[in-house]
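Participant: Sharing a structure below in structure tokens format, with a few things to ask.
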Amino acid sequence: MTAIGIDLGTTNSCVAVYRNNRVEIIANDQGSRVTPSWISFTDSQKLVGEAAKEEASMNCENTLFQIKRLIGRKFNDPTVQEDMKLWGFRIVEVGDRPKLQVTYKDEVKTFFPEEISAMVLTELKEAAEAYMGEKITDAVITVPAYFNDAQRTATRDAGRIAGLNVLSMINEPTAAAIAYGLDNKSNEERTVLIFDLGGGTFDVTIATIEEQIFDVKATGGNTHLGGEDFDYRMVDHFVEEFGDKHGVDMSTNKRAVSRLRVACEAAKRKLSVSTSAKIQLDGLFMGLDFRSNISQAKFEAMNADLFDSTLTAVKTVLSDAKVNKNQIDDIVLVGGSTRIPKIRKLLQDFFEGKEICRKINPDEAVAYGAAALAKNISSGGSEVKERFQLLDVTPLSIGTDVGVSDMFVVIPRNTKIPTRMTQNFITSADNQTALSFKVYEGERPCIHDNHHLGTFVLRGITPAPRGVASVQSVFEIDRSGILIVTAYDPKSGSENKIKITNDEKLMAKDEIEKMIAAAEKFRIEDVEWKEKSAAKNELEDLVYKIKQIVQKDTTSVSPGDQEKILQKSQAAMDWVKAYKKIESQSIRQRTNELKDVLNRMHEISTD
Ligand code: AMP
């Protein structure tokens, strides 16, 4: 069975397949090799990709994007609260989770971020099915290296809702390293720095590649930094300029801000190839037009701190990997935002003029690597000409609190997996017989700022004075990322453990099933909408044809028949326009009736 590789991006997504000993990037039904990760709901249909993006300025309340910034986060997460101020669509709190609220077909609907991501995944899956001519269920989906467990789990759930069996979730820069490695067939070990700056996330990874063994040394970055942050900086700048010019604050008007944001994104891209860019928006706010310019220098200055922060991450990763910058053989750029000249310059200066690898397509590398891994897994490695082995690291530190609120790290971030680490803990009270282990992941010193993975209690500890009884713990992560934490008291022999697998933390089966059913309902509705649209077009074409025939052929058809068929045509058109809920089958039936009348008229006139 064919397995595909999917790069589910914040801004754009891409799907690829490995066949005939090479990776093929699959174009969508518009012929484009990347699909915007946008969904738009209108009064009649759900749009995905480019069509959804085009709706943004007209229908910003119901056009959803950057959903990857929400996935796996709680509603009160500070980044969610900040992002909400920038988006034109509405987010509501359900439980402690964010839900997206839209009006679809005149009804208010809410969706979890996983459901919206699943709609993007479904689109890519369907593009792959059309391309391969077969049903596809198996996929490798990529995630930013710095995604925590909750974000990974939610992404896997999105895959399940889209009807995908997620074979593996691979870190985006690791996938790019595979793409790079498959393209560079040198047998010598090379140390590669993957710099991945996309629309919403930023990852840096250092890996060594030797004879198709991909050995990730360290990874780091920021799950909340990317091209969209640069767009927002430009939006803020122009909102202020608009205010200075006209003395009004346009920032409260979501539609105007949405239009300005689209224009800023285009200007930003222009600034990658030109020293200045124009913004022209007619009737932007209160009927006022807006015309302005922005220079490359200004754009760089307004984002200087964000651009610089990417280098800070590079330095941290170099230090974590214990690699000197002179030891980096190749710098591979991934993600649309690496086209920004200043980013390239900063990197080149930091690496003292080192050339940047240009062989890899920054938009497609991640999907490329994911497709190769998908084939590697699904065929047990036997069918991939360039068979490879992947050695990855754990991106976030794992630890526990044991009674205090400081994070006690047992497995530091960037530890090669599989790994097994032991740690002794002592009791904090006299005659303590139980010890609670709360397991967390994250880099923050205060445990409550990190992500809680699970809790278990070790009971039956041999009573002893405070600080005397010693409990031993073992933290193990296996090759597929499953974490097992065991605690035992050597004196009493008591033992307890917790197993934290991605699967256990996935949403409950019945919750997923509900979402799958909802997704299926939307899919059926989408198919029906397309059929209805085709049926309407056919009817419209026929009515147009009838008018032309009647106008041209005034002799053979009697005026009475002419009047009759024109009336019938008009009635059919009025009927379609008046009733939104007509099914495609009824429209086709009406079209066939008209065709019959037309044919009969022809038969009569040719008799
Ligand atoms: P990705 O997530 O890799 O598809 O990257 C998308 C981000 O790259 C968006 O924020 C785009 O605006 C940005 N981007 C794409 N092309 C360019 C370009 N030529 N210059 C600057 N940014 C770009």
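Participant: Taking the residues in segment 18-40 that are of a type outside the set (S, T, N, Q), crowded, with 21+ Cβ neighbours inside 10 Å and not in a loop (DSSP other than H, G, I, E, B) as candidates, determine which candidate is nearest to the ligand (Cβ to nearest atom).
Facilitator: Initially, segment 18-40 is screened for residues of a type outside the set (S, T, N, Q), giving 18-19, 22-27, 29, 31, 33-34, 36, 38-39.
Next cut, crowded, with 21+ Cβ neighbours inside 10 Å only: 18, 23, 26, 34, 36, 38-39.
Then drop every residue that is not not in a loop (DSSP other than H, G, I, E, B), which leaves 18, 23, 36, 39.
Values: Y18: 21, V23: 17, P36: 9, I39: 16 Å.
The qualifying residue nearest to the ligand (Cβ to nearest atom) is P36.
Participant: Continuing with the same structure: Of all the residues that make up segment 214-231, how many are within 16 Å of the ligand (Cβ to nearest atom), surrounded by fewer than 22 Cβ atoms within 10 Å (Cβ to Cβ) and part of a strand (DSSP E or B)?
Facilitator: 1
Participant: If you check D43, D96, which single one turns out to be surrounded by fewer than 16 Cβ atoms within 10 Å (Cβ to Cβ) and in contact with a Phe, Trp or Tyr (Cβ under 7 Å, 6 or more places away or on another chain)?
Facilitator: Values: D43 fails: in contact with a Phe, Trp or Tyr (Cβ under 7 Å, 6 or more places away or on another chain).
Result: D96 is the single residue among D43, D96 that is surrounded by fewer than 16 Cβ atoms within 10 Å (Cβ to Cβ) and in contact with a Phe, Trp or Tyr (Cβ under 7 Å, 6 or more places away or on another chain).
Participant: Would you be able to tell me the number of residues in segment 341-356 that are open to solvent by less than 60 Å² (accessible area, probe 1.4 Å) and either of a type in the set (S, T, N, Q) or under 21 Å from G227 (Cβ atoms) (or both)?
Facilitator: So the count comes out to 8.
Participant: Under 9 Å by Cβ, and 6 or more places apart or on different chains, what pairs join a residue from segment 261-287 that is more than 9 Å from the ligand (Cβ to nearest atom) and hydrophobic (A, V, I, L, M, F, W, C) with one that is part of a loop (DSSP other than H, G, I, E, B) and open to solvent by less than 20 Å² (accessible area, probe 1.4 Å)?
Facilitator: Correct list of pairs: V262/A56; A277/L271.
Participant: May I ask you to list the residues in segment 271-293 that are within 17 Å of I343 (Cβ to Cβ), surrounded by 14 or more Cβ atoms within 10 Å (Cβ to Cβ) and not small (G, A, S)?
Facilitator: The one that is within 17 Å of I343 (Cβ to Cβ), surrounded by 14 or more Cβ atoms within 10 Å (Cβ to Cβ) and not small (G, A, S): L271.
Participant: Restricting attention to segment 406-443, which residues are over 33 Å from the mean Cα position of the chain (by Cα) and assigned to a loop (DSSP other than H, G, I, E, B)?
Facilitator: T427, S428, A429, D430, N431, Q432, T433, A434
Participant: I'd like the residue in segment 236-260 that is among the aliphatic types (A, V, I, L, M) and in contact (Cβ under 8 Å) with a residue 40 or more places away in the chain and, out of all such residues, is farthest from the ligand (Cβ to nearest atom).
Facilitator: Of everything passing the filter in segment 236-260, V248 is farthest from the ligand (Cβ to nearest atom).
Participant: Given the criteria more than 17 Å from the chain's Cα centre (by Cα), in contact (Cβ under 8 Å) with a residue 24 or more places away in the chain and either in a loop (DSSP other than H, G, I, E, B) or in the same structural domain as R233 (by TED's automatic domain parsing) (or both), does G72 qualify?
Facilitator: In short, no.
Participant: Right, something else. What's the number of the condition L347 fails, among (1) more than 30 Å from V140 (Cα to Cα); (2) in contact with a Leu (Cβ under 6 Å, 6 or more places away or on another chain); (3) part of a helix (DSSP H, G or I)?
Facilitator: Answer for L347: the failing condition is (2).
The values are calculated or read from the model by the stated rules, or taken from the named source; none is laboratory data. Predicted model, so just to flag it, every value in this text is computed and none were measured. Every residue, glycine among them, receives a Cβ derived from its backbone with ideal geometry; neighbour counts consider all protein chains shown. Remember, those area values only see protein heavy atoms, side chains included, never the ligands or the DNA or RNA. Shrake-Rupley method; radii C 1.70, N 1.55, O 1.52, S 1.80 Å.
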